[in-house]
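Data first, discussion second: the structure below is written as structure tokens.
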């Protein structure tokens, strides 16, 4: 039986590039599904059943994520429950997780998002590959729901 490295070494250059692109496409779908699962675990607080005090601790201790990966994924899983467009953007490869997490955090800080707004999608997709300064500006442009005066502090 041939090992994976032997198989890969035997591929032509064009087949290697094609197979790599296919793997990237599959990994994006898996990443989006992982965010859905993590969001549901977080919503149900199942990490408490495993004696973890937080979703972050569960991701590091139980799932073996690095701290950075645990933070990004747990934050994005929460954001994706509020803004399902995040999952579509991850699946399509239009975004990377770190940029998306920063945008989602900025949108959360500016108030409850309006997920049906086409501008939310446009802003997320346009700025997730941008540099940090552009993301900060983009976060201020995410529309927020109108809150009653009594609900504000």
Problem set entry | Subset of the range 1-23 [modelled with pLDDT under 95 and loosely packed, with under 10 Cβ neighbours inside 10 Å] | 1, 2, 3, 4, 5, 6
For this session: Kindly check whether there is at least one residue in the range 37-49 that is in a helix (DSSP H, G or I) and more than 23 Å from residue 97 (Cβ to Cβ).
Result: yes
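Give me a count of the residues in the range 58-78 that are out of contact with any helix residue (DSSP H, G or I) (no Cβ under 7 Å at 6 or more places or on another chain) and assigned to a helix (DSSP H, G or I). Show your work before the answer.
We begin by selecting, within the range 58-78, every residue out of contact with any helix residue (DSSP H, G or I) (no Cβ under 7 Å at 6 or more places or on another chain); these are 61, 63-64, 66, 68-69.
This time we only want the ones that are assigned to a helix (DSSP H, G or I), so: 61, 68-69.
Qualifying residue count, the range 58-78: 3.
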Exercise. Residues 95, 24, 90: which one is out of contact with any strand residue (DSSP E or B) (no Cβ under 9 Å at 6 or more places or on another chain), in contact (Cβ under 8 Å) with a residue 24 or more places away in the chain and not in a helix (DSSP H, G or I)?
Worked result: 95
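Would you point out which residue out of 86, 41 is surrounded by 14 or more Cβ atoms within 10 Å (Cβ to Cβ) and out of contact with any helix residue (DSSP H, G or I) (no Cβ under 6 Å at 6 or more places or on another chain)?
Checking each option against the conditions leaves just 41.
Results for (1) touching a strand residue (DSSP E or B) at 6+ places or on another chain (Cβ under 8 Å); (2) at pLDDT 75 or above, shown as yes or no for each residue.
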residue	(1), (2)
72	no, yes
81	no, yes
103	no, no
106	no, no
110	yes, no
121	no, no
135	no, no
138	no, no
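The values are calculated or read from the model by the stated rules, or taken from the named source; none is laboratory data. Treat the numbers as computed from the prediction; the structure is a model and nothing was measured. Glycine also receives a Cβ, built like all others from the backbone with ideal geometry; neighbour counts cover every protein chain displayed.
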